[in-house]
Structures are given as C-alpha cells and as structure tokens.
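Worksheet for the structure shown next.
Laboratory data are not the source of any read-out in this text; all were calculated from the coordinates shown. Note that this is a predicted model, so its numbers are computed, not measured. For neighbour counting, all protein chains shown are included, and Cβ atoms are generated from backbone atoms with ideal geometry for every residue, glycine included.
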Amino acid sequence: MQTHVKIWWIMETKLLRVKPDSPDLDKVKVAAEIIKKGGLVAFPTETVYGLGAAALNPLAVSKIFEVKKRPLNDPLIVHISKKCELFKLAEEIPDKAIKLIDSFWPGPLTLILKKTDLVPEVVTAGLDTVAIRMPANPIALFLITEAQAPIAAPSANLFGRPSPTTAKHVLDDLAGKVDMVIDGGKTNFGVESTVVDLSFEPPCVLRPGAVTVEKLKEVLGQIQIYQNQHGIVRSPGTMPRHYSPKAKLLVIEGKRRAKIKQLRRLAFQFKSKGRRVGIIATEENKDFYREFETKILGSSTDLRSCACNLFSILRSFDEEGIEVIIAEGVKNRGLGLTIMDRLRKAAGPRK
Ligand code: TXA
Ligand code: MG
C-alpha cells in the first residue's frame, strides 16, 4: 500500500502532483486504485486533460456524463496502453487502421471502429462503433496499465467549455466533483486528438486534431474530411458550438492587412460601447492592437505553439472578465485547420 504519496485536497477532490519531466510513476498507482473502484480521475494526456473512468464499468462511465453535464448521446473515447487491447474492443480492424496505428500510436489519433459486445452502450452512446486511442503521455499510459483495463475519457472540462490544458483548468471546472486530479503539467499539443472513422469506406476525418490531415494523407493517400451538411451530425463533437468561452467570441479571417483593419474597427466599436475587449493576435501582428488587452497565440509560422496556447487564452480572458474576444484567424492548413475548427466552434451561435 502507498503511504508516502503526498496528496492535496481541493474541496472534495484529491490533487496528485507528478513531475512531467521525470514522473515518479509509482505515485500514479493511487489513482489507478480509484479507477479500479469505479471512481473518476482526471489525468494529463499529450493533447488535453482527460476525465477517466473504467471503460468496462457502465456505472463508473455514467458518472462522467453526470459531472461534465454531457449529453448521453455524445460517445466517449476509450484509451488503451497496449495495442493488443484493441482486439478486445474492436470487431473489425481494417488494413488502413493498422497502417495508421503503426504510424501514429501512441499519439493523438483516435480511430472509430466497429465495436465488440464487451464495450458498454453508455460508452458509445448506443452506436455500433467505438472510438479508441493510445495516448503518448507516460502518466496516462501508466495509469491505464495499472488500472488493468481500458479507460473511457472525454476532455476534463464542463460540457461546451474550452478543453483543459493544465490541472488548474480541470479544477476550475470540476473541483469537488471528481475523486482525483493528477497534475502532470501543461499538455504538449493543447488541442484534442484527430478522430478518423474507419468503420466504413472511404475513411473520414470526423474531427481535425493534433495529427494533421496532411500527415494522414502521407500514410493513406486520400482521406475524406467530414462536412456538417444538411444538419446531419455523424459525430456529436462536430456540433456547431463547442469549446466556448463565456465572452462573446469573433474570429476574423482573410488577408493580413484586411484582417488587421477589420479587427481594429470592430475592437474600437465594442470599446466605444463600453465593452471590455480582448484580442487574440499572432506574434507578427501584436503591435497593431496596442490600444487593447492583447494575448499572443504564437507566431503564424509556429502553429504548434498557437495550438498549445489557444484554450488557455480563452479561459484566461474569461477569468479577467473580458466581455468580447476578437481573434485573428490563421491559415487553414496543417495544424491551422485544427485551430480554425476550434475557433469557429468556440464562436458558434448560442442556442
Ligand atoms: O485528445 C483527445 O481526444 C481527448 C483526450 C482526453 O484523449 N479526448 C477528447 O474526448 O477530446 P471528447 O469526448 O472531448 O471528444 C471525443 C470526440 C467527440 O467528438 C465524440 O463525439 C467523438 O469523439 N466520438 C466518440 N466516439 C465516437 C463514435 N463511436 N463515433 C463517432 N464519433 C465518436
Ligand atoms: Mg471535449
């Protein structure tokens, strides 16, 4: 039994600190015990923090929906730590899935495959498919291995809010509602995994993510990208509004000069109405917004750092009481496609 592990309490939630660079994985055994007993543990992955429960325990999984206030028709990703676990969860594993797994696992790629009867209905929201991924974070992998079962985990935020990239973000949304949060530092990518549906031909990207479409094409040749046409939602996470700050969010796209001009015009308009305006700018353009509270997403030539900062900036502006956020769009290529997907959804129409 672990007696030497130091644990902090934040309301009713235990906080376990694990150094991200040299993690003392032994500490994580305490968290695995909670999962085994049907509890909820938030943990770091390389993308965003996940809120985990034993995937094969329907009662434990149903608690995830309850604390996140997530609709029951939005299925969860099942996280595994060994490739062999895939065969217990997925009925058919096409060659293309094997190719993707060999190229990207462990890593930020989620595959949708036909499910076996072992996967409870609550995990897949009654669908005949299951989402599976093997995360690259050592803390996450150790937690799954020690829990001796796959872990179902959505992002560890309240439904609709920006995904958490630090343990503080998780606590801001879920303190007192989950059994434990493992603080393993800031996540690497800052955006969620790419979701690819391989349950039918041709394969289709349901959610752009940390693995770019260009990288997927290098492995598979062609791949479809899902468009939310005619109101048909193939994956509930592709709903129009998601990842949203409390503030009103506007995203300005277009060529550099026109974008800066329009953004300044709107910012002055809101300011003149007495609204507190915050701007999300690229490093290159930040000086054009000196009159406003500006946060830097990153350089437009370093989309990896832009992705990493995005959700955290949305949350910071909310904390500071900013009422209107105006964000510069980035190019719709590579990780830029993922960043724009999140920005557009965060700015999506309120119900
Ligand atoms: O990086 C990530 O993917 C993070 C970390 C924690 O792994 N997880 C995450 O989970 O973003 P969540 O629940 O926030 O998003 C999962 C997405 C949702 O859009 C959900 O609708 C979709 O995956 N999904 C899950 N199972 C599916 C299925 N069987 N068919 C279609 N879409 C599915
Ligand atoms: Mg989510």
Handout entry: Per-selection Rg to Rh, the range 243-288 - Cα, Kirkwood hydrodynamic radius
Key = 0.96
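Report the extension gain between Lys215 and Gln148 in nm, rounded to one decimal, defined as 0.36 nm multiplied by the number of residues separating them, less their alpha carbon distance.
Working: separation 67, 0.36 × 67 = 24.12 nm, distance 3.20 nm.
So the extension gain works out to 20.9 nm.
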Practice task
Would you mind checking the pairs Lys37/Lys215; Lys83/Lys215; Lys6/Lys36 and listing those with alpha carbons more than 30 angstrom apart?
Solution key: Lys37/Lys215
Fill in the blank from the handout: In whole Å, largest first, the alpha carbons of the range 117-176 cover along the principal axes 37, 27, 21
Handout entry: Dipole moment magnitude, nearest 20 debye, the range 95-196 about Cα centre, only Lys, Arg, Asp, Glu C-beta charged
Key = 240 debye
Practice task
Would you kindly derive the ³J(HN,Hα) couplings of the range 283-291 from the backbone phi angles with the Karplus curve 6.51 cos²θ - 1.76 cosθ + 1.60 (θ = phi - 60°), listing them in order in whole Hz, with x for Gly and Pro?
Solution key: 3, 5, 9, 4, 5, 6, 10, 4, 6
Handout entry: Distance (nanometres) between label positions extended 7 Å along Cα→Cβ at Lys99 and Lys82
Key = 2.8 nm
Problem - Most mobile of Arg256, Arg207, Arg264 in a GNM of the chain (Cα contacts under 10 Å) - result: Arg256
Exercise for the section: List the extent of the Cα atoms of the range 264-324 along each of their three principal axes, largest first, rounded to whole Å. Expected result: 35, 24, 13
Problem - For the chain, share of DSSP beta bridges that run antiparallel, in % to the nearest 5 - result: 40 percent
Completion exercise
Counting only residues 5 or more apart in sequence or on a different chain, those whose built amide H sits under 5 Å from that of Ile77 are Ala153
Fill in the blank from the handout: Highest GNM mean-square fluctuation among Leu72, Leu86, Leu310, for the chain with Cα springs under 10 Å, belongs to Leu72
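Which whole-number percent is the relative contact order of the range 57-186 (Cα, under 8 Å, 6+ apart)?
Values: 189 pairs, mean separation 40.0, N = 130.
Worked out over the range 57-186, it gives 31 percent.
Over every pair of different alpha-carbon atoms in the range 165-205, take the mean of 1/r and invert it; report that Kirkwood radius in Å.
Working: mean 1/r = 0.0777 Å⁻¹.
Hydrodynamic radius (Kirkwood, Cα pairs) of the range 165-205 is 12.9 Å.
Rounded to the nearest 5, what % of the DSSP beta bridges within the range 62-176 are antiparallel ones? Show your work: numbers first, answer last.
Details: 7 of 10 bridges.
Here the antiparallel bridges make up roughly 70 percent for the range 62-176.
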Practice task
Using every pair of alpha-carbon atoms in the range 1-134, split the distances into 5 Å bins beginning at 0 and state the percent of pairs per bin, rounded to integers.
Solution key: 2, 9, 17, 21, 19, 15, 10, 5, 2, 0
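Within the chain, which is the longest segment that contains none of the GluC sites (Glu not before Pro) sitting in a DSSP loop with at most 16 other Cβ atoms within 10 Å?
On the way: sites that count: Glu12, Glu91, Glu92, Glu253, Glu291, Glu320, Glu323.
That gives 93-252 as the longest site-free run.
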Problem - Residue among Pro108, Pro202, Pro120 with the largest mean-square fluctuation in a Gaussian network model of the chain, springs linking Cα atoms under 10 Å - result: Pro202
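Take the Cα radius of gyration of the chain and divide it by 2.2 N^0.38 Å, with N its residue count; two decimals is plenty.
Taking N as the residue count of the chain, the ratio is 0.99.
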Exercise for the section: Starting from the Cα of Phe268, step 7 Å along the direction of its Cβ; do the same at Lys37; then give the gap between the two resulting points in nm. Expected result: 6.2 nm
Exercise for the section: Could you check how many percent of all C-alpha pairs in the range 103-215 are farther apart than 18 Å? Expected result: 58 percent
Exercise for the section: Would you mind computing, in nm to one decimal, how far apart the modelled labels at His4 and Glu66 are, each placed 7 Å from Cα along Cα→Cβ? Expected result: 3.7 nm
Fill in the blank from the handout: Here the range 201-207 yields Karplus 3J(HN,Hα) values (6.51, -1.76, 1.60; θ = phi - 60°; whole Hz; Gly and Pro given as x) of 9, x, x, 9, 7, 7, 9
Problem - Unsatisfied cross-links (Cα-Cα over 30 Å) in the set Lys115/Lys331; Lys68/Lys88; Lys63/Lys331 - result: Lys115/Lys331; Lys63/Lys331
Fill in the blank from the handout: Computed over the chain, the relative contact order (Cα-Cα under 8 Å, seq sep at least six) in percent reads 19 percent
